[in-house]
Amino acid sequence: MTEPRGGLLAEFADPRGLVDAARAARAQGYRRLEAFSPFPLEELEGVLAPRDRRVSWIAFAGGSFGVALGLFMQVGGSLDYPLNIGGRPLVALPSFVVVSFLLGVFFAAASAVLGMLLLCRLPLLHHPLFDGEAFARASDDRFFLLIEASDPAFDPQATAAWLGERALSVSEVTA
């Protein structure tokens, strides 16, 4: 089941208006916010920063799987084809460290990248915002704030009136 992508898009002429509106929206209880700007705004990081730590747990699980896989393959190889060389124990864990470490790093990095892409719903080939005429200026000279319709605090009339007090224009985005 896909979540609704609609919402209200507010247009601002300057970055200060966008940052102030994003802070006020967060204070009003809106949580599903997206900001679009022609250049990065460091002030928005604290306002829109997700508190989601799932990618770090996905990377940890991937790294743990890589270490376990490395140890399993090497211990299995040692037990299937035993070589008694110089009195070395059959399962010598210090000799397995390098391969296990490298597989742990590889799986942690790969799972972090894939987890981030999946959690960000990427690649997003089409979004209803792309159809709007005003949104074409988001990469040029305008600043936009999107409050998604899937937000629990979203009410179409109240949110439109609230955004209308702060923005140059407010348009509806339909999925």
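Any residue in region 115-130 that is without any contact (Cβ under 8 Å) to a residue 24 or more places away in the chain, within 25 Å of residue 14 (Cβ to Cβ) and part of a helix (DSSP H, G or I)? For region 115-130, residues without any contact (Cβ under 8 Å) to a residue 24 or more places away in the chain, within 25 Å of residue 14 (Cβ to Cβ) and part of a helix (DSSP H, G or I): present.
Residue count for region 72-94 satisfying the condition of being of a type outside the set (Phe, Trp, Tyr) and farther than 19 Å from residue 104 by Cα: 13.
If a residue must be on the phi > 0 side of the Ramachandran plot and surrounded by 15 or more Cβ atoms within 10 Å (Cβ to Cβ), how many such residues does region 107-137 contain? Residues flagged as on the phi > 0 side of the Ramachandran plot and surrounded by 15 or more Cβ atoms within 10 Å (Cβ to Cβ) within region 107-137 amount to 0. Report yes if residue 100 is in contact with a helix residue (DSSP H, G or I) (Cβ under 8 Å, 6 or more places away or on another chain), more than 19 Å from residue 31 (Cβ to Cβ), in contact (Cβ under 8 Å) with a residue 60 or more places away in the chain and of a type outside the set (A, V, I, L, M), otherwise no. Considered against the rule, which asks whether it is in contact with a helix residue (DSSP H, G or I) (Cβ under 8 Å, 6 or more places away or on another chain), more than 19 Å from residue 31 (Cβ to Cβ), in contact (Cβ under 8 Å) with a residue 60 or more places away in the chain and of a type outside the set (A, V, I, L, M), residue 100 comes out as no.
Note on region 81-92: residues that are at negative phi and open to solvent by 70 Å² or more (accessible area, probe 1.4 Å) total 8.
The condition of being touching a residue at least 60 places away in the same chain (Cβ under 8 Å) and aromatic (Phe, Trp, Tyr) holds for only one of 81, 30, that being 30. May I ask you to verify whether residue 23 is among the basic types (Lys, Arg), under 22 Å from the mean Cα position of the chain (by Cα), outside any helix (DSSP H, G or I) and surrounded by fewer than 18 Cβ atoms within 10 Å (Cβ to Cβ)? Criteria not met by residue 23. Being closer than 22 Å to residue 44 by Cβ, of a type in the set (Gly, Ala, Ser) and in a loop (DSSP other than H, G, I, E, B) is a condition met by no residue of region 92-113.
Among the residues of region 138-175, just one is in a helix (DSSP H, G or I), open to solvent by 90 Å² or more (accessible area, probe 1.4 Å) and without any contact (Cβ under 8 Å) to a residue 12 or more places away in the chain, namely 157. Within region 27-36, identify whether any single residue is exposed (fewer than 11 other Cβ atoms within 10 Å of the Cβ) and more than 22 Å from residue 162 (Cβ to Cβ), and answer yes or no. No, the conditions are met nowhere in region 27-36. Per the listing 56, 95, the residue uniquely over 30 Å from residue 130 (Cα atoms), exposed (fewer than 14 other Cβ atoms within 10 Å of the Cβ) and under 19 Å from the mean Cα position of the chain (by Cα) is 56.
The values are calculated or read from the model by the stated rules, or taken from the named source; none is laboratory data. This one's a predicted model, so the numbers in the text were calculated from it and none came from an experiment. Don't worry about glycine lacking a Cβ; one is built from the backbone with ideal geometry, like all the others, and counts go over all protein chains shown. Protein only, heavy atoms only, side chains kept; ligands, DNA and RNA dropped before computing areas. Shrake-Rupley method; radii C 1.70, N 1.55, O 1.52, S 1.80 Å.
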